[in-house]
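The values are calculated or read from the model by the stated rules, or taken from the named source; none is laboratory data. Fair warning: this is a prediction, and the values are worked out from it, not measured in the lab. Cβ placement follows ideal geometry from the backbone for every residue including glycine, while neighbour counts extend to all protein chains displayed. Ligands, DNA and RNA are excluded from the accessible area calculation, which covers all protein heavy atoms including side chains. Shrake-Rupley method; radii C 1.70, N 1.55, O 1.52, S 1.80 Å.
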Amino acid sequence: MNLIEHYIDGKSFSGSSDKKGKIFNPATGKQESEVRLGSRADLDLAVEKAKKAFESWSNTPPLQRARIIFKFKELVEKNSDELTKLIVNEHGKVYEDAKGSLTRGLEVVEFACGIPQMLKGEFTENVGTNIDSWSTRQPLGVCAGITPFNFPAMVPMWMFPMAIACGNTFVLKPSEKDPSCAMKLANLFKEAGLPDGVFNIVNGDKEVVDAIIENKDIPAVSFVGSTPIAKYIYENAAKNEKRVQALGGAKNHCVVMPDCDLDQAINGLMGAAYGSAGERCMAQSVAVAVGNIGDDLVNQISKKVETLKVGPGMDKASEMGPLVTKEHLEKVKGYVDLGVKEGAKLVVDGRNIKLQGYENGYYIGGCLFDHVKKDMRIYKEEIFGPVLSVVRVKNFNEALQLINDHEFGNGTSIYTRDGDVGRTFANKIKVGMVGINIPIPVPVAYHSFGGWKRSLFGDQHMHGPEGVRFYTKLKTITSRWPSGVRSNPEFVMPVMK
Ligand code: NAD
């Protein structure tokens, strides 16, 4: 059985714990690996090594750091097939989708190659006579990242390339369900010339997460995962005086206006609701049908949901792969059962799908509910599976209110031909990422990614300019040389006269 260890100070490390987690191939249901679940001592050791590496890495000129990151980018490209297969085999999503998610992660690496430009700072000559002032952003120290199962490459790549480019060192705790891709990325970064100790991985569960929260030498924690854990990390890491960005769960609405191009909306919704089997924080899991568009929407989309090609991620014909684990499959099926009990109309039922040769895989077909009401749990809670709920509303204002009242505010989109409606939507909606005739409005690497409300705890979004701010602290220096104008002692606040 393949055993996945930790990666500390540039080497594989077994650590002090005998606890192990099981990793299954979701397409077959077969266990293929074990992962070491680390202890507090393992985490503390990784932080100690990262703290040591920080001394010289933080002092390495940004251009030299960028050159290593550039080499890493080349290696990720060269190894993209292997990395993609690691994602497919542990997560289950289809190959092209997995490759796309790796590419979105790579775009952050590309952005990080421009770090010298982003760290340039600001300078003002003569803030007072012969007095100059400049602001510079300096790295924080050992930063930590805790990541979810659903993007085993992309989400870690939102974090560590930015943190490392800024001069920090990093300890990653990937999801224990699919850690192999992160391990391969760490090895590639070393091959690119990254000094030992700059990037470390400690695999594990809550024990390692709690050790991160409590470790005094970690000044910053980035988290992506479900909302209850995001809130836990935010509260407890802040209590331990760390800066925190904690991205949580979602329930993303897609508003379908009566004037929209319905084909475009339906194609957008199909990909956004059922792509990656709905296991995306930007998945559209609610279609809000406005006015009289509901019947046409449900009739047309149901035909497409019924003919979705479900199969193993490595099969080129598959449009949708299995869910990540047996437990998650049971949870998603449980939500479909619940929706029926709550009185929503189950138009397409994917619960009983059987795949010949893959009887033990974690498959569910696409499910479609109509007439979902806002007090139902299937509307309020994140299902994280291929289940689309249609909610019917009378008009645009009702759609706006519905979304603004929801506890989550990660992403949303609207389909309309009316620019005025599109603009009002973008302006009034209480959601962090908004699409107008765009199904999954994930910001590109040089913008920043993050939601509102209970989809993000903290102030800064991930990657892009917000990423640079999160992983650096501002220092402002004001200086005068002895040859400048001399003054007598001053006992009042200095002001410009
Ligand atoms: P999760 O919250 O179960 O796990 C995320 C991380 O937290 C993992 O590394 C896990 O080991 C750790 N963890 C789990 N339980 C813990 C506990 N009790 N104490 C401490 N740490 C714990 O999330 P998941 O199931 O891996 O991922 C799916 C969730 O992530 C969904 O809710 C999805 O919306 C969310 N997500 C959000 C974004 C975003 O950008 N907002 C992106 C991707 C995924």
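Annotation note: chymotrypsin sites (Phe, Trp or Tyr not before Pro) in the range 49-83 located in DSSP loop regions with a Cβ neighbour count of at most 11 within 10 Å are absent. In this structure the range 447-497 gives 72 Å² per residue of accessible area when probed at 1.4 Å with all protein chains present. Between the range 356-386 and the range 178-236, what's the alpha-carbon centroid distance in Å? Answer, in whole Å: 30. Applying a DSSP loop filter and a limit of 15 other Cβ atoms within 10 Å to the trypsin sites (Lys or Arg not before Pro) in the range 361-458 leaves K373, K374, K394, R417, K430.
Say a site is exposed when it is one of the GluC sites (Glu not before Pro), sits in a DSSP loop, and has at most 11 other Cβ atoms within 10 Å; what is then the longest site-free stretch of the chain? Within the chain, the longest run free of exposed GluC sites (Glu not before Pro) spans 1-240.
For the pair the range 432-470 and the range 328-350, the centres of their Cα atoms are 31 angstrom apart. Between the residues P61, S222, G15, the greatest Cα displacement towards the positive end of the dipole of the chain, with unit charges on the Cβ of Lys, Arg, Asp and Glu, is found for P61. To test your reading of the geometry: what angle, between 0 and 90 degrees and rounded to tens, separates the Cα axis of helix 326-342 from the longest principal axis of the chain? Tilt of helix 326-342: around 60 degrees. Share of carbon and sulfur in the accessible area of the range 206-258 stands at 53%, probe radius 1.4 Å.
Straight-distance candidates among the aspartates and glutamates for linking to K20, with alpha-carbon spacing under 15 Å and chain neighbours fewer than 8 residues away dropped: E5, E32, E34, D42, E176, D178, D205, E207.
If Lys and Arg each add +1 and Asp and Glu each add -1, what is the summed charge of the other residues whose beta carbon sits under 15 Å from the beta carbon of V340?
+2
Computed over protein heavy atoms with a 1.4 Å probe, the accessible surface of the range 252-436 works out to 42 Å² per residue. Helix 40-57 versus the longest principal axis of the chain: what angle, 0 to 90°, nearest 10, using Cα atoms? With both axes taken from Cα atoms, the answer is about 50 degrees.
For the chain, the dipole from Cβ point charges (+1 on Lys and Arg, -1 on Asp and Glu) about the Cα centre works out to 720 debye, to the nearest 20. Working from Cα positions, state the angle (0 to 90°, nearest 10) between the long axis of helix 396-405 and the longest principal axis of the chain. The answer is roughly 60 degrees.
Distance between the C-alpha centers of the range 1-75 and the range 98-177? Whole Å please. For the range 1-75 versus the range 98-177, the Cα centre distance is 18 Å.
With Cα atoms as the point set, the radius of gyration and Dmax of the chain evaluate to 24.5, 89 Å. Taken along its three principal axes, the alpha carbon spread of the range 252-436 comes to 52, 32, 29 Å, from the longest extent down to the shortest.
Per residue, the accessible area of the range 75-162 comes to 36 Å² when a 1.4 Å probe rolls over the protein heavy atoms.
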